[in-house]
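Enquirer: Pasting a structure below so you can have a look.
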Amino acid sequence: MILERYLGSMLLVLSMLSNVLGAFVGVNIGTDVSSMPSASDVVAIVKAHQITHIRLYDADPHMLKALAGSGIEVTVGVTNEEVLGIGESASAAAAWINKNVAAHMPSTNITAIAVGSEVLTSVPHAAPILVTAMNNLHKALVAADLNFQVKVSTPQSMDIIPKPFPPSTATFNSSWNSTIYQLLQFLKNTNSYYMLNAYPYYGYTNGNGIFPIDYALFKPLPSVKQIVDPNTLFHYNSMFDAMVDATYYSMDALNFSVIPIVVTETGWPWQGGSNEPDATVENAETFINKLIQRVSNNSGPPSQPTIPINTYIYELFNEDKRPGPISEKNWGLLFTNGTAVFPLSLGGPSQITGNSTAVFCVAKDDASEDKLRDGLNWACGQGQANCSAIQSGQPCYLPNNIKNHASYAYNDYYQKMHTVGGTCDFDGTATTTTINPSYGSCIFTGSSNSSTGRESLPPTALGPISPGGSTKLPLSKIQFLISATCLLVVLL
């Protein structure tokens, strides 16, 4: 009992501290992946890339168990299929909370529940009962004494704002006014936040050429092409900011102000079909890296400059099983072996991960496990590769799967032997790549940063660092930290 009280107090204080440190960049984890790693491997990859906030689309018990003790802040999801049942039955909501939240806390740091996904536009028949479902879940959290640690909200699409530009005149679709009013009242009463799915990619590709692509990609615009709201004269440097501001103005039109917005999804696909020319690696790399820089400056959009835009990138891995166009399957930041699809800037020019001029030898995605096992055994045996790093407890042991281990062994052999005729083939199970497969403290032979190690994904998730690189906090925040520490002592 004392331990649970201590851990609960720590989580409360950590939640308070996260608000002090500022905006974070988190990542969504979808599961429509044909070769989805195990839950423990996913968590190992997340930790290796120093991702401290994740959103799940369900409440998978294996993931929640694997996340125990990690400290990673987790948003769990009520699926669209579950919304109706929870909205119709308070006891169903209580059972859901007991099974998917209370049973895993405090060891798993669950901080939010996302009720459905774009319910108003994807399952409109559930809209009348959406806020009732949220109320039922909140009451169950109150009964479990978890309502201060776990917030309840529901992600909505930009599609419920028919005319998002100019932001100052944006309003929600009037046909949803009753439901949205109830939603905003709930968020205000429970001190929660509005969850927004904002995709400049779609804003641009569906915009009939109204806005330049540079505006969607956070790139600077020439003075003659500045995007200005004619009513407020606010300059918008990115479509992302304009989308967030349009949502703030839409809430204001219903007389709700200063309900914070968290962007629960945004991203850019890195591959598309012949009719999707803007889905490229170059554009995805630009969007994601500039998004990280934008969020980490700890400011809000022009109308709410003091409210940071906490943001979750869509998504960790490609969901290749999703239906639809090719772009729909190619939003992932990482391959399932934990390597980055493209370089990710991490708050400084010295912190880059992803592609390099070096050539690496890795296992093919479609290689059979039997052939990979034979190749791994040969490389670590007759091939004389140094395979100590993939032994249990060593830096490259996790993710613990044959493909990851084979990649490390293949590459070590190739780096040592390619100058004297060694090849990257291994009975057709290997291929060369310029994408650096290193991750976390697992550094592949041949990596240009093999002596210094490597980090991946934003330290913004740990709280932004000032432009000068100092972590010095203002006096008010230092006082808050002292107060938080005192609160912890009192709680104990």
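Enquirer: How large is Rg over Rh for segment 42-135, taking Rg from the Cα atoms and Rh as the Kirkwood inverse mean of 1/r across Cα pairs?
Expert: Here Rg/Rh amounts to 1.02.
Enquirer: Report the Rg/Rh value for segment 272-337, based on alpha-carbon coordinates and the Kirkwood definition of Rh.
Expert: Here the Rg-to-Rh quotient is 1.07.
Enquirer: Please give the Cα centre distance for segment 27-66 versus segment 426-442, rounded to the nearest Å.
Expert: 22
Enquirer: Less than 15 Å Cβ to Cβ from ASN173, Lys/Arg counted +1 and Asp/Glu -1: what total charge do the surrounding residues give?
Expert: Result for the local shell: -1.
Enquirer: Can you give the local net charge around GLY272? Use residues other than it whose beta-carbon is closer than 14 angstrom to its beta-carbon, Lys and Arg +1, Asp and Glu -1.
Expert: That works out to -3.
Enquirer: Net charge within 9 Å of VAL76 by Cβ-Cβ distance, Lys/Arg positive one each and Asp/Glu negative one each, not counting VAL76 itself?
Expert: -1
Enquirer: Just to check, using Stokes-Einstein with a Kirkwood Rh over alpha carbon pairs, what's the diffusion coefficient of segment 100-169 at 37 °C and 0.692 mPa s in µm²/s?
Expert: 237
Enquirer: Now for a different question. Can you list residues from other chains, or at least 5 along the same chain, whose modelled amide H is less than 5 Å from the amide H of ALA367?
Expert: For ALA367, whose amide H was placed from the backbone, there are no distant partners under 5 Å.
Enquirer: Tell me, what is the 1.4 Å probe accessible area of ILE326, in Å² to the nearest 10?
Expert: Looks like 80 Å² after rounding.
Enquirer: Would you mind checking which residues have amide H under 5 Å from ASP320's amide H? H placed 1.01 Å from N; only 5 or more apart, or other chain.
Expert: SER34
Enquirer: Sorted by accessible area (1.4 Å probe), largest first, how do CYS380, CYS424 line up?
Expert: CYS380, CYS424
Enquirer: Moving on. Would you kindly calculate the mean projected area, averaged across all directions, of the convex hull enclosing the Cα atoms of segment 136-233, in square nanometres?
Expert: 8.6
Enquirer: With no solvent and one equal point scatterer placed on each C-alpha of segment 372-447, evaluate the Debye formula and give log10 I(q)/I(0) for q = 0.11 Å⁻¹, two decimals.
Expert: Result of the Debye calculation: -0.23.
Enquirer: From the P(r) of segment 290-436, could you give the percentage of C-alpha pairs in the tail past 28 Å?
Expert: 35
Enquirer: Any of LYS65/LYS321; LYS99/LYS163; LYS321/LYS371; LYS225/LYS321; LYS65/LYS151 with alpha carbons more than 31 Å apart? Name them for me.
Expert: In this structure, LYS99/LYS163; LYS225/LYS321 exceed 31 Å between Cα atoms.
Enquirer: Moving on to the next point. Per residue and in cubic angstrom, what volume does the convex hull of the Cα atoms of segment 206-306 have?
Expert: 129
Enquirer: Further question on the same structure: As an exercise, identify the trypsin sites (Lys or Arg not before Pro) in segment 273-324 lying in DSSP coil whose Cβ has no more than 16 other Cβ atoms within 10 Å.
Expert: Loop-located and lightly packed - LYS321.
Enquirer: Against the empirical 2.2 N^0.38 Å scaling, what ratio does the C-alpha Rg of segment 228-277 come to?
Expert: 1.54
The values are calculated or read from the model by the stated rules, or taken from the named source; none is laboratory data. These figures come from a predicted structure and were not determined experimentally. We place every Cβ from the backbone using ideal geometry, glycine too, and count neighbours over all the protein chains shown. SASA here: full protein model, heavy atoms, side chains in, ligands and nucleic acids out. Shrake-Rupley method; radii C 1.70, N 1.55, O 1.52, S 1.80 Å.
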